[in-house]
Amino acid sequence: MRLQCFALPTDRSRLKFPPKSIITPSISIFFTRTVNFLRHHPENGSDGGEWSPEESVADVSYWTKKIHGLCTKDRNVDEAIRLLDALRLHGYKLHPLNLGSIIHGLCDARRFHEAHCRFMLSVASWCVPDERTCNVLIARLLDYRSPYCTLRLLVCLFDAKPEFVPSIVNYNRLIDQFCSFSLPNVAHRVLFDMKSRGHCPNVVSYTALIDGYCRVGNVSAAEKLFDEMPENDVEPNSLTYSVLINGFLCKRDFETGKALMCKLWERMKGEMDPSVNSAAFAHLVDSLCLAGSFHEVFLIAEDVPQGQSVPEEFAYGQMIDSLCKAKRHHGASRIVYIMRKKGINPGLLSYNSIIHGLSKEGSCMRAYQLLVEGVEFGYSPSENTYKVLLEGLCKELDIQKAKEVLQIMIEKEGVDRTRIYNIYLRAVCLTNNSTELLNTLVVMLQTNCHPDVITLNTVIKGFCKVGSIEEALKVLNDMMIGKFCTPDYVTFTTIICGLLNVGRIRESLDILHKVMPEKGIVPGVITYNATIRGLFKLKQANQAMDTFDRMVRNGIQADSTTYAVIIDGLCDSNKIEEVKRFWKDIVWPSKIHDSFVYSAILKGLCHSSRFNEACHFLYELADSGVSPSIFCYNIVINTACKLGLKGEAYRLVTEMRKNGLAPDAVTWRILHKLHQNEMTQSLPEDLTNQPRDGDQTSSKTSNPVTILEPPYAFPFGKRFICLKHGFKTMKSDRSRPSKTWLKASTAPLLRFVAFFIDISNSYHNIHVSVVSQPYLTGLVKYPEALLRNIVHCSNFHIPDLYY
């Protein structure tokens, strides 16, 4: 019986095979790779001569073990395929065990697509394994999660072996995969085929299919399937109810959802498998959180309607997990209080995720409170949570609480105390408190916690950040004379940056050129980049370029960051011609340049009022095979908009699209600002003189509003609003002198009017006119009341459409 009900995404709904009698030998060899035959050398104890394939090819058992060993033990499926190809060229008949070994080997190598193809070619050559082996191989291929590939394979098997019936487990997995790809209609056909082949769908089949229909929003079909289950002697389990409830919640039908929840609690009491109840409860809580029904979650936590059907600790832990995934960490902490009232301690992992989430949200004080309470039942934060919480407390400048958190972590067994102190020192740097840095270093020494180079580098960075360069130099000197560990290149780079920040150029260069080589540390590109950047900030362009030349002489290869820093510095020094020479003679020949370098050049040209040169440079990059990023285009488009060059701005957008880039939110915001500025300039100077309700005299002298003309788009979610190009002032209509006119195509009219909210607040009489154009089709008239609600006007009128 053929699988007639599937519509595969190909021109052929199933593969057709020629009769067995007319299959040619070339088709029968389904492994099409052609390689030289590798002769087998016998093991020790044989005669030592090369074996003749005609004499030993009949040893099926030996070659089956050999191929199986290559696929499983040696993990060399390619060698197994080469050997099998060579054997078949010498008359070896493919055994189903060989096929199984090859398929499993390809799947182990994550080459699922090739495994599907080889299985189908095997079937085409009439080498079909028995039913059990076929089901085992199909189960392995289903791990690929490509249901259409597996479905094609099943069609081939049905054609070649009509009596073959996949197992119900494989059918259920295939249904679930189609549903996960939002294809419940195809999954439903698989269900029909299952029935036609003698299988009775079980509760798993129906639950998977109901979930698929709920995913695509077809709740009526899901409900119909749910009603069909008792007719087919299949009783819905707890998970089936939970899946259907999710469908109603997604459709915002909370009343039906609540009614089904009551039935779910009753069904849970009669469920024999506790794991099904746990899965159903977890799915239900996730669905409620996704639907925003957090109050229902809190009611479940307080009333416990599931009773003893679900273990309490699991239920509360699932609520905390779902609320944390929904970014409701305060709500999760409320669940903790409910648990503590009942004498149940929350899981340490769940409790840690609450504190971590609160710290990242900025609610570090609440997180600290929970931390103190958690210590009572043995909780201590993870290292990552400890870091996030410390940073939050230090941003709030609450050093005392940060110290208490530090003490909790220090008392934790098995921790690296130096690392814990390093995290604390890095957080203290956010407070610009050099005294606390020094005090913490002293405490470490007093408690026999030896600081490492990371500790001292963090302290030096903190001193340099607040300008206490002398303190930083003292720490460096202690490191150099042996009191602490030896400084590394990070230490010297930090000191150089600190010296340059306070304008001590000579000392920073001495450290770079003398001290570092004396200590056996060769300055790297990162150190040179930091030095060059600092010199340019101090307007020492010549010394910065001398440092770059010295870096090149010392054999240090510059990177794109080096070039971007130099170009930025030269542009800030108004040395555009030198930037051009630097690009032409050094950067471009080096082939080390990226979007940061291009952006630096474009910003420099635009800020130097060389917009045309920036455009030419951008076009030359594209012509040279370089793909500038969206940031490069946005820089030039922004300059064009500031200069009021609307045509050039849209030309750049067109060029961007030709190069395969789509405008992003920044691009649309720039263009939006351009049109907004033009509209503001075209408005009447005194908006207070515009007509008001009942003011007939002033309404006769109202001026028209400027409107949009060339193709332009405003961001609106994931869609864009296409309007006509440019601004043009319409002549006042003598018959309606008190009306202000807006002209746009009707399709985007609703959003177009919303764009003029700021203008409409200044006008009490607005008239929207839709003007027909040859290329405008599908004009839609929006309800006048809806537009009036968006544009707050006392007299808002839309005329009938005319063509």
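The values are calculated or read from the model by the stated rules, or taken from the named source; none is laboratory data. Values in this document were obtained by computation on a predicted structure and should not be read as measured data. Here the Cβ is made from the backbone with ideal geometry for all residues, glycine too, and neighbour counts use every protein chain on show. Just the protein is used for accessible areas: all its heavy atoms, side chains included, with ligands, DNA and RNA removed. Shrake-Rupley method; radii C 1.70, N 1.55, O 1.52, S 1.80 Å.
Side notes on the structure shown:
- Residues of the stretch 326-353 classified as surrounded by 14 or more Cβ atoms within 10 Å (Cβ to Cβ) and either of a type in the set (S, T, N, Q) or assigned to a helix (DSSP H, G or I) (or both), total: 17
- Pairing residues of the stretch 464-484 that are over 18 Å from S434 (Cα atoms) with residues that are of a type in the set (K, R), at Cβ distances under 8 Å and at least 6 apart in sequence or on separate chains, gives M480/K519.
- Checked against the criterion of being surrounded by fewer than 17 Cβ atoms within 10 Å (Cβ to Cβ), free of Cβ contacts under 8 Å to residues at least 12 places away in the same chain and among the small types (G, A, S), the candidates S608, S624, S629 yield just one match: S624.
- When the stretch 527-561 is filtered for residues that are of a type in the set (V, I, T) and within 15 Å of S508 (Cβ to Cβ), the ones remaining, listed by number, are T527, T531, I532, T547.
- If you filter the stretch 118-140 down to residues that are of a type in the set (D, E, K, R) and either crowded, with 22+ Cβ neighbours inside 10 Å or in contact (Cβ under 8 Å) with a residue 12 or more places away in the chain (or both), you find that the one that is nearest to C107 (Cα to Cα) is R140.
- Taking residues in the stretch 389-412 that are over 21 Å from S353 (Cβ atoms) and part of a helix (DSSP H, G or I), and partners anywhere that are open to solvent by 40 Å² or more (accessible area, probe 1.4 Å) and among the polar types (S, T, N, Q), the pairs with Cβ atoms closer than 9 Å and at least 6 places apart or on different chains are C394/N433; I399/N433; I410/T447.
- Hey, V276 open to solvent by 10 Å² or more (accessible area, probe 1.4 Å), modelled with pLDDT of 90 or more, more than 36 Å from the chain's Cα centre (by Cα) and not charged (D, E, K, R) or not: no
- Test for S293: is it within 28 Å of Y337 (Cα to Cα) and at pLDDT below 95: yes
- Subset tally (residues that are closer than 15 Å to I635 by Cβ and among the hydrophobic types (A, V, I, L, M, F, W, C)) for the stretch 580-614: 9
- Subset of the stretch 185-200 (residues that are open to solvent by less than 60 Å² (accessible area, probe 1.4 Å), out of contact with any helix residue (DSSP H, G or I) (no Cβ under 6 Å at 6 or more places or on another chain) and not in a helix (DSSP H, G or I)): R197
- Verdict on S220 being part of a loop (DSSP other than H, G, I, E, B) and among the small types (G, A, S): no
- Selection within the stretch 395-446 - surrounded by fewer than 18 Cβ atoms within 10 Å (Cβ to Cβ) and of a type in the set (S, T, N, Q): Q400, Q407, T418, N432, N433, T435, N439, Q446
- Residue pairs meeting the criteria (Cβ under 9 Å; at least 6 apart or on separate chains; first under 12 Å from M551 (Cα atoms) and open to solvent by 10 Å² or more (accessible area, probe 1.4 Å), in the stretch 511-540; second of a type in the set (D, E, K, R) and not in a loop (DSSP other than H, G, I, E, B)): H513/R550
- The numbered conditions (1) in a helix (DSSP H, G or I); (2) modelled with pLDDT of 50 or more; (3) more than 21 Å from L141 (Cα to Cα); (4) open to solvent by 20 Å² or more (accessible area, probe 1.4 Å) are all true for G91 except (1).
- In the stretch 252-273, of all residues being small (G, A, S) and either at pLDDT 90 or above or assigned to a helix (DSSP H, G or I) (or both), the one that is nearest to R328 (Cα to Cα) corresponds to G257.
- Qualifying residue in the stretch 590-598 (condition: crowded, with 19+ Cβ neighbours inside 10 Å, without any contact (Cβ under 8 Å) to a residue 24 or more places away in the chain and in a helix (DSSP H, G or I)): no
- Wholly within the stretch 442-545, helices (runs of 4 or more DSSP H) carrying at least 3 residues that are closer than 30 Å to I410 by Cα: 453-465, 469-480, 489-501
- Where a residue in the stretch 237-259 is aliphatic (A, V, I, L, M) and its partner, wherever it lies, is open to solvent by 20 Å² or more (accessible area, probe 1.4 Å), with Cβ under 8 Å and at least six apart: L239/V276; L239/A279; L239/H283; V243/D211; V243/H283; L244/E223; L244/F226; L249/L290
- For the stretch 215-250, a residue qualifies if it is over 14 Å from V204 (Cβ atoms), of a type in the set (D, E, K, R) and surrounded by fewer than 16 Cβ atoms within 10 Å (Cβ to Cβ), and the qualifying residues are K224, D227, E228, E231, D233.
- For the stretch 145-154, the criterion of a residue being farther than 18 Å from V190 by Cα, open to solvent by 20 Å² or more (accessible area, probe 1.4 Å), in a helix (DSSP H, G or I) and in contact (Cβ under 8 Å) with a residue 24 or more places away in the chain is satisfied by no position.
- Every residue from the stretch 632-662 that is in a helix (DSSP H, G or I), surrounded by fewer than 17 Cβ atoms within 10 Å (Cβ to Cβ) and of a type in the set (G, A, S): G647
- Any hit, the stretch 106-115, residues being open to solvent by less than 40 Å² (accessible area, probe 1.4 Å), over 36 Å from the mean Cα position of the chain (by Cα) and farther than 25 Å from I168 by Cβ: no
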